[in-house]
Every structure is written in structure tokens, then in C-alpha cells.
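The values are calculated or read from the model by the stated rules, or taken from the named source; none is laboratory data. Note that the structure is predicted; figures quoted are calculated from it, not measured. Glycine also receives a Cβ, built like all others from the backbone with ideal geometry; neighbour counts cover every protein chain displayed.
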Amino acid sequence: MAFTVAIDGPAAAGKGTIGKAVAAHFGFAHLDTGLLYRAVARHMLDGTDPIVAARGLRTEDLDTEGLRTPEVARAASRVAAMPEVRRALVDFQRAFARRGGGAVLDGRDIGTVICPEAEVKLFVTATDAVRAGRRHRELVGTGHEVSLEEVAQDLRQRDARDSARADAPLRPADDAVVLDTSKLDIDAAVARAIDIIGRARG
Ligand code: C5P
């Protein structure tokens, strides 16, 4: 049986961590859709036309090393503003969403564009300062030398571009449940999400 959980929100709000944890809890498959745009961006940085890269994207490309760097994130938000790139990635995401056994997709436009019929829609958010602090700790923890201010500026620019683009801008679906994780630790945020999904499942 298909059951789709759509999780959207700005960068570093906790979507990915929550998505992974709720998928494990319910035994659903999980797709971090940001990786699709990051993989296309990686190809672009290597000299491939992003539209060609998006049309030819393979599942293995999502396992490429180095997709989590700030440079790739910036390039991802640029390729993500290209309508042809977005269009090329729609079918893969929709097929993933409706596979049997349940699926969790996290991104920016899952509840609004990719899966408007999703059984559960969450919009995960947190204050700019909390998100910058989290992303900074994450990057420093994986060996990146970057200041908190640089991270904060990067997030601001990416959020602004993601929210202002004409095609599939970042915004909550009208029927999304907003989950503000600013004052929640990860366990509490995951528990909240599990509760919302569990109730929708009946
Ligand atoms: O979530 P993550 O930070 O990995 O996403 C990288 C970029 O990919 C985002 O800044 C956004 O521009 C783009 N993206 C998108 N739609 C999605 C997922 C990610 O436009 N569903």
C-alpha cells in the first residue's frame, strides 16, 4: 500500500534527520530529494550541462562522495531554480513516493508540487540562528573549516533563492502541519513527527 510522508522546510531545520528517523520507525523508504539537486550540481561543477545531467541522473549518482559540501549546496540551489532541471526530476520522485510499503521524501516542494496528495505533510522549520548553529556544528564535525557567520550567510542566501524562485518555491503546503524545532531536541522533534504520522495512518 502506498503511503507518502512529505517533509519540507528550509536548510538545516532538521528535515533530513526527522525524515530518516520516521522512515526507520514505520519501515518506510526514505529519499532526501536535496541529494538529487546536489548530484546535478556536482555534474555541473564538473562541466556537464545541468539539464543534461538532470535528465541522465542515475540512482548511483546520489552516493557520490562530497555532495554535502557548502560549495555543492550553493550550486544545488542555483540548478534548482532551473525549471527544466526540476521537470527532469519529477517522475523519479513521484514513483518513489507511491512505491508500495510507504515512503518519506524530504525537500522543498514535496507537499506543494511533487506529492500534493501525500497522506501527511510536515513543514519543518527553526529560527535562522538555530539552523546556522546546527549546520556549523555539523560542518565543523565533518572537518570543514568555516565560521558561524559564513554558514549563516550561506543559509540566508540559499533560503532567499529557494523562496523567491518562480518554479516550486519553498513554502508550506496549505494543509501542512508546521513543526518548529527551534526549542526541540532531535528526540522530541522525531517523537512529534511520529505522533502526527501515526494518527494519520489510523
Ligand atoms: O536539502 P538540501 O540542503 O540538500 O538541498 C540543496 C538544495 O537543493 C536546496 O537549497 C534547494 O535549492 C534544492 N532543493 C529543491 N527542492 C527539493 C530539495 C532540494 O529545490 N525538493
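Quick test for you: out of A2, A11, pick the one residue that is buried (at least 18 other Cβ atoms within 10 Å of the Cβ), at pLDDT below 95 and not β-branched (V, I, T).
Going through A2, A11 in turn, the sole match is A11.
State which residue is nearest to the ligand (Cβ to nearest atom) when the search covers only the range 170-183 and only residues that are surrounded by fewer than 19 Cβ atoms within 10 Å (Cβ to Cβ) and in contact (Cβ under 8 Å) with a residue 24 or more places away in the chain.
Residues of the range 170-183 surrounded by fewer than 19 Cβ atoms within 10 Å (Cβ to Cβ): 171-172, 174-175, 177-178, 180, 182-183.
Applying the additional criterion that residues be in contact (Cβ under 8 Å) with a residue 24 or more places away in the chain yields 171-172, 175, 177-178, 180, 182.
Numbers: R171: 12, P172: 13, D175: 18, V177: 18, V178: 17, D180: 18, S182: 18 Å.
Ranking the qualifying residues of the range 170-183, first place goes to R171.
Take the conditions farther than 24 Å from Q153 by Cβ, near the ligand (Cβ under 10 Å from one of its atoms) and either in a helix (DSSP H, G or I) or modelled with pLDDT under 95 (or both) and apply them to V72. Does it pass?
Working: farther than 24 Å from Q153 by Cβ: no; near the ligand (Cβ under 10 Å from one of its atoms): yes; either in a helix (DSSP H, G or I) or modelled with pLDDT under 95 (or both): yes.
Criteria not met by V72.
Just one of I196, I186 is touching a strand residue (DSSP E or B) at 6+ places or on another chain (Cβ under 9 Å) and either among the β-branched types (V, I, T) or in contact (Cβ under 8 Å) with a residue 60 or more places away in the chain (or both); which is it?
Values: I186 fails: touching a strand residue (DSSP E or B) at 6+ places or on another chain (Cβ under 9 Å).
Sole residue among the options that is touching a strand residue (DSSP E or B) at 6+ places or on another chain (Cβ under 9 Å) and either among the β-branched types (V, I, T) or in contact (Cβ under 8 Å) with a residue 60 or more places away in the chain (or both): I196.
When the range 75-120 is examined, which residues are found to be more than 12 Å from the ligand (Cβ to nearest atom), surrounded by 20 or more Cβ atoms within 10 Å (Cβ to Cβ) and charged (D, E, K, R)?
Correct list: empty.
Do you know which of the residues in the range 37-52 that are more than 7 Å from the ligand (Cβ to nearest atom) and in contact (Cβ under 8 Å) with a residue 24 or more places away in the chain is nearest to A103 (Cα to Cα)? Full working, then the answer.
Within the range 37-52, the first condition is being more than 7 Å from the ligand (Cβ to nearest atom), and the residues that meet it are 39-52.
In the following step, the residues that additionally are in contact (Cβ under 8 Å) with a residue 24 or more places away in the chain were identified as 39-42, 44-45, 50-51.
Values: A39: 21, V40: 23, A41: 25, R42: 26, M44: 29, L45: 30, P50: 27, I51: 26 Å.
Out of the qualifying residues, it is A39.
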